[in-house]
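For reference, the structure is listed below as structure tokens.
The values are calculated or read from the model by the stated rules, or taken from the named source; none is laboratory data. On a predicted model such as this, the values are computed, not experimentally measured, just so you know. Using ideal geometry, Cβ is built from the backbone for each residue, glycine included, and neighbour counts are taken over all protein chains shown.
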Amino acid sequence: MNNAITVALAGNPNSGKTTIFNALTGARQHVGNWPGVTVEKKEGTLTHKETTVHVVDLPGTYSLTALSEEEIIARNFIFDGSADVVVCVLDAANLERNLYLAVQLMEMRVKVVLALNMIDVAKARRIDIDDRRLSQLLGLPIVLTNGKKGIGIDDLLDDVIEAASTTENGKQSPVVGYGADVEQEIQKIEERLRNSGASEDRPPLRWLAVKLLEQDSDVTKKYERLLARDGVEKQIEQSREYLGQVYGDSPDIVLADSRYGFISGAMRQTVHSDRPDRVFLSDKIDTVLTNRLLGPVILLAVIYGVYQFTFVGSEPLVGYFESFFGWLGGVMTEAIPAGLLQSLVVSGIIDGVGGVLGFTPLIAFMFFAIAVLEDTGYMARIAFMLDRVLRGFGLHGSSMLALMVSGGIAGGCAVPGVMATRTMREPKERLVTILVTPLMNCGAKLPVYALLIAAFFPGDKAGMMLLLTLISWGFALVAAKAIRSTVLAGPAAPFILELPPYRMPTIKGLLIHAWERTWMYVKKAGTVILAVSIVLWAMMTFPSLPSDKQKVFDEKLRDVTAAFLAKPTVKGTFRSKEDLEAFEKFQGRPNHVSAEGLPKQNAAFFALSQALKTDRQEGADSKVKIEPAIHALAAPYREFAAQKPAIENARRTAELKNSIGGRIGVALEYVFSPMNFDWRTNIALIGGFAAKEVVVATLGTAYSLGEVDPEESGSLSERLRNQPGWNALTGFTLILFVMLYAPCFVTLVVIKREAGGWKWPLFAMIYTTVLAYVVALTVSSIGSFLGLGA
């Protein structure tokens, strides 16, 4: 046997498959996409008894009938022989339903090991399973597992390695007997396939005959050339017609009934329960949590608690991150000579990307809280409760999964949200769900909200986020109703949802889920946002200000400096422009440096800095004696110190407005000035088309390029709060615009792939941007009329 094997994990949703995967691979896993599609692919590697085991977590599926993309991916991976062994994870508390997938795997004659998972839940429900007898009936090894506690994992790996070493490929005799009539037709199709040159082993001829009899569209398409030979297609049609006459049902229903009959027989021999009509603990909890009156109240309280945990828990770490990037910017400013390189590193990269990365702790806390809701089973209850609401807007509960993944509780992503609609069967409901998912509060919008909430609504951050969540849901539902009533009118499809039992999540599982999503956010900041930040920095830097306009500012600065140096009270301390520059550097020294041992002029500098602190009522050193001449110098220097930054800021503003980005931003003021958005904000909104986090990065770059006073630097939230033209109304209007306007470019590409063309992505971009503009303009106009935000 080789020292490396590939194992596929298959199982129903909510069977604990992901918990088994985490228990097997731990942190040794990575997430990507399956080739050619955007369905998530999880892989991990471990070593057990000198054998390297590569584990592939297949998409959760109830069967291998290949009605959805997830089912096709799972079946094709097994069908192509990519896995040496398939581990089918079964929920012991819902064994009958789970065994249908196991029977289908057995029919494919692949090497299967059954992991009878969550056996503790079954015991709590007084369900007794004779696993040895079940193993005999199925002819497969069965291992009792509890992925959450790591029970049975080593035994499972032992059986997997043993199964991989055997030469026999699954059970050779038919797993399910379909009855004389069906078996007769299967044999006829097998014979036709054999005569046409079909392989006996891959896939097994019997399995292929059954799939063709069921009219499996994926298999039929894959073997369409084979069907055209030796009357295979004609035989299939004759067999289907004959069985339809005999049973009064289509063959696929007859075959499924036979499988369930086989499972039912196995269940009667192996599963016993002394309380068949019992009410489980989960059911008791649901009587409260999904109650028509209490349920929505509890839901709002839970969401508020999530936001409170996120903001309060992450606040110290966010402060440390902001301080770190502020310190790093200062270090780079000192290390790199003034010029384009310094501007690129400090303003383009550190202030741009750092503004986004500074919110990493907040994102991590949010993802952790969402993982708790998912792993406990409460997220499915949210879908159940909101189904009542969604139906009134032309959607139903299956839309709920996509909307929640997209940011129904802030922190999701529209890309997997759009992909999650693949489980929806009705095309119009699927499409309308795709079109409204970008309106949810994805994790990319969260840094923008956090920035503006900290600047203008610091009193109750969690309450503000709850309000924004309700607003985004409101707009999504109204948009869905409008689209469903016009361009995608049609009847609603029924909705059936499985409510998994409540479970206590493991810290390990929660941390893995939170880390995976946070790392994706960090990678995005290090790639897409870094690239866009550099491009936007270049757009806000070039072309440079013409020399004649530069000369105007140089002359103003020279006149102010000359006027200051000419004052009698100044001449004793400052004799030249170089002395002024030396004092500015002196003021930037570490606070612990004292006047003791300094040269005479530095002692004068120190005394002047103390006098300036005394005048500003700051903490001056009371031991330092300040001469009257130094006190007399403080007032004119303070006046000069105010004039010089004003000139430099005017120069930087002129340089920004002259740049490519500035010209675009100024041109858009005709469109956005009614909402009080200035040209810098306009540039940020353009960058947001690439990724919403870029709004923060661009604001950081724009206000960094226009900021020259080191004492006024601080966090971006502080800068915006103190910036002329910014107030609470402007901040709230910008939040609403960012919430609603065009999906990011990556989301548009995914919508194009899922909808089959550019028609619907363009529609989504146009309608969301128009909606954002109308809403923001209305809020800004009403707020200004009422005198709000000042």
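With respect to (1) part of a helix (DSSP H, G or I); (2) free of Cβ contacts under 8 Å to residues at least 60 places away in the same chain; (3) surrounded by 12 or more Cβ atoms within 10 Å (Cβ to Cβ), the lone exception for Asp249 is condition (1). Determine whether Lys461 is charged (D, E, K, R) and modelled with pLDDT of 90 or more. Answer is no for this residue.
In this structure, Ser622 does satisfy being farther than 16 Å from Asp351 by Cβ and at pLDDT below 75. Being out of contact with any strand residue (DSSP E or B) (no Cβ under 6 Å at 6 or more places or on another chain), without any contact (Cβ under 8 Å) to a residue 60 or more places away in the chain and surrounded by fewer than 18 Cβ atoms within 10 Å (Cβ to Cβ) is a condition met by at least one residue of segment 115-133. Take Val182 and tell me if it is part of a helix (DSSP H, G or I) and modelled with pLDDT of 85 or more. It is false that Val182 is part of a helix (DSSP H, G or I) and modelled with pLDDT of 85 or more.
Of all residues in segment 162-179, those that are modelled with pLDDT of 85 or more and either surrounded by 19 or more Cβ atoms within 10 Å (Cβ to Cβ) or among the basic types (Lys, Arg) (or both) total 2. Inspection of segment 760-772 finds a residue satisfying the criterion of being surrounded by fewer than 22 Cβ atoms within 10 Å (Cβ to Cβ), under 20 Å from Met464 (Cβ atoms) and not aromatic (Phe, Trp, Tyr). Restricting segment 693-711 to residues that are out of contact with any Pro (no Cβ under 8 Å at 6 or more places or on another chain) and charged (D, E, K, R), the residue that is modelled with the lowest pLDDT is Glu711. For segment 528-574, taking the residues that are among the charged types (D, E, K, R) and out of contact with any helix residue (DSSP H, G or I) (no Cβ under 7 Å at 6 or more places or on another chain), the one that is farthest from Val666 (Cα to Cα) is identified as Lys571. What pairs come up if the first residue lies in segment 628-655 and is under 17 Å from Phe574 (Cβ atoms), the second is surrounded by fewer than 17 Cβ atoms within 10 Å (Cβ to Cβ) and among the basic types (Lys, Arg), and their beta carbons are under 7 Å apart, counting only those six or more places apart or on different chains? Final answer for the pair search is Pro636/Lys567. Of the helices (runs of 4 or more DSSP H) entirely within segment 714-785, those holding at least 1 residues that are within 16 Å of Asp678 (Cα to Cα) and either outside the structural domain of Val318 (by TED's automatic domain parsing) or touching a His at 6+ places or on another chain (Cβ under 9 Å) (or both) occupy 716-722, 728-740, 759-785. Here Lys752 meets the list (1) over 30 Å from Ser784 (Cα atoms); (2) buried (at least 21 other Cβ atoms within 10 Å of the Cβ) almost entirely, failing just condition (2).
Restricting segment 341-374 to residues that are of a type in the set (Phe, Trp, Tyr) and assigned to a helix (DSSP H, G or I) leaves a set whose member that is farthest from Ser717 (Cα to Cα) is Phe368. Among the residues making up segment 11-55, those that are touching an Asp or Glu at 6+ places or on another chain (Cβ under 9 Å), part of a strand (DSSP E or B) and at pLDDT 80 or above are Gly11, Lys42, Glu43, Gly44, His48, His54, Val55.
Residues in segment 437-463 that are over 22 Å from Arg517 (Cα atoms), of a type outside the set (Phe, Trp, Tyr) and touching a residue at least 12 places away in the same chain (Cβ under 8 Å): Leu452, Ile453, Ala454, Ala455, Lys461, Gly463.
Quick one: which helices (runs of 4 or more DSSP H) sit completely within segment 95-147 and have at least 2 residues that are of a type in the set (D, E, K, R), in the same structural domain as Ala8 (by TED's automatic domain parsing) and closer than 21 Å to Arg268 by Cβ?
95-107, 131-138
For Ala604, the conditions (1) surrounded by 14 or more Cβ atoms within 10 Å (Cβ to Cβ); (2) among the small types (Gly, Ala, Ser); (3) modelled with pLDDT of 80 or more are fulfilled apart from (3). Of the residues making up segment 365-424, those that are at pLDDT below 75, in contact with an Asp or Glu (Cβ under 9 Å, 6 or more places away or on another chain) and small (Gly, Ala, Ser) are Gly397, Ser398. When Ala338 is tested against (1) in a helix (DSSP H, G or I); (2) assigned by TED's automatic domain parsing to the domain that holds Ile370, just one condition goes unmet, and that condition is (1).
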